[in-house]
1. Please give me the summed charge of the neighbours of A36: other residues whose Cβ is under 13 Å from its Cβ, Lys and Arg +1, Asp and Glu -1.
2. Take peptides 58-64, 85-91 and line them up by average Cβ neighbours within 10 Å, highest first, as a rough protection proxy.
3. With +1 on the Cβ of every Lys and Arg and -1 on the Cβ of every Asp and Glu, and nothing else charged, how large is the dipole of the range 65-191 about its Cα centre, in debye rounded to the nearest 20?
4. Could you tell me whether the range 92-194 comes out rounded, prolate or oblate from its Cα gyration tensor? Rule is a ≥ b ≥ c as square roots of the eigenvalues, rounded for a/c under 1.5, then prolate if a/b exceeds b/c, otherwise oblate.
5. If you count, for each residue, the other Cβ atoms within 10 Å and average over each peptide, how do 189-197, 32-40 line up from highest to lowest?
6. Please list S175, S56 in order of solvent-accessible area, largest first, computed with a 1.4 Å probe with all protein chains present.
7. Any idea what the relative contact order of the range 20-158 is, in percent, if you count C-alpha pairs under 8 Å spaced at least 6 apart?
8. Given a Förster radius of 35 Å and the C-beta distance between R86 and E60 as r, what FRET efficiency does 1/(1 + (r/R0)^6) yield to the nearest 0.05?
Amino acid sequence: MAAEAEVIETRWDYDPIHAGDGPDCPGMDAHDAWEALELENPEPEQVLARFEAAESGLGEPRTFQLPADFGFYDAANRELIVGFNRWMLERFRELTPPGGFVHVVDPDLNHIGYRLHPHAPLGQGATLEQWWGFVQYLQGSVWKVPLLPDGDSYDFISPGFDWAFRSRFAVSGLSELVFAGAPMLRALEVHGLPELLLRLS
């Protein structure tokens with residue numbers, strides 16, 4: 001279909017915080033996909049400040065609420081979660097230039113941050129359980145932090161600050177998945193929603 005061939009436009013103008021210092025993905029393996037930023041590293045706080053300043057210009061986000069009784073560790077939801085995780089990796093790869101990365105930050109700054117290099121061979125050879133992630137004592141999970149808000153919140157933010165995916169845990173009320181910025185919203189329209197989001201719509 002014509003919609004599937006549509007080109008998703010986004011900005012590659014990286015911020016000076018990180019310009020030019022990312023490794024090249026052709027020489028990377030799956031272990032290099034997640035570049036850890038320790039708590040004393042100022043980058044996550046700087047990223048959140050820059051995104052907060054840019055957020056008002058991103059327009060209205062699209063938000064999905066998770067049912068209060070959604071079972072992350074329930075095997076009945078495994079296929080839904082795996083499908084969502086794979087779909088999100090495709091979107092991160094589509095919206096990130098080769099060799100680029102995505103900021104992954106805890107909005108409360110209670111946990112370390114990451115630079116996610118989506119073009120690394122992330123998930124290559126991974127088992128279904130490693131794609132799922134919500135398995136006790138699991139080794140080698142594809143995702144260092146979960147895309148779904150199981151007790152913590154994480155923001156996945158474009159280096160150009162023009163799009164974001166926000167996984168927001170709610171202590172009271174319903175946890176949310178928030179898609180912000182024109183490039184991310186266009187990707188939702190072009191590719192359609194994965195089954196998990198369809199059920200939340």
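The values are calculated or read from the model by the stated rules, or taken from the named source; none is laboratory data. The structure presented is a predicted model; accordingly, all values stated were derived computationally and were not measured. As a convention, Cβ positions derive from the backbone with ideal geometry for all residues, glycine included, and neighbour counts pool all protein chains shown. The area values use the complete protein model at the heavy-atom level, side chains included, leaving out ligands, DNA and RNA. Shrake-Rupley method; radii C 1.70, N 1.55, O 1.52, S 1.80 Å.
1. Working: positive: R115, K144; negative: D32, E35, E38, E40, E43, D106.
Charge balance near A36 sits at -4.
2. Details: 58-64: 14.3, 85-91: 18.4.
For the peptides 58-64, 85-91, the packing ranking is 85-91, 58-64.
3. Working: 9 positive and 14 negative charges, 72 e Å.
Approximately 340 debye in magnitude.
4. Rounded, since a/c falls under 1.5.
5. Working: 189-197: 16.2, 32-40: 14.1.
Going from most to least packed, we get 189-197, 32-40.
6. Numbers: S175 15, S56 110 Å².
In descending accessible area the options line up as S56, S175.
7. Numbers: 170 pairs, mean separation 48.6, N = 139.
About 35 percent, as a whole number.
8. Details: r = 27 Å, r/R0 = 0.77.
Computed FRET efficiency for R86 and E60 comes out at 0.85.
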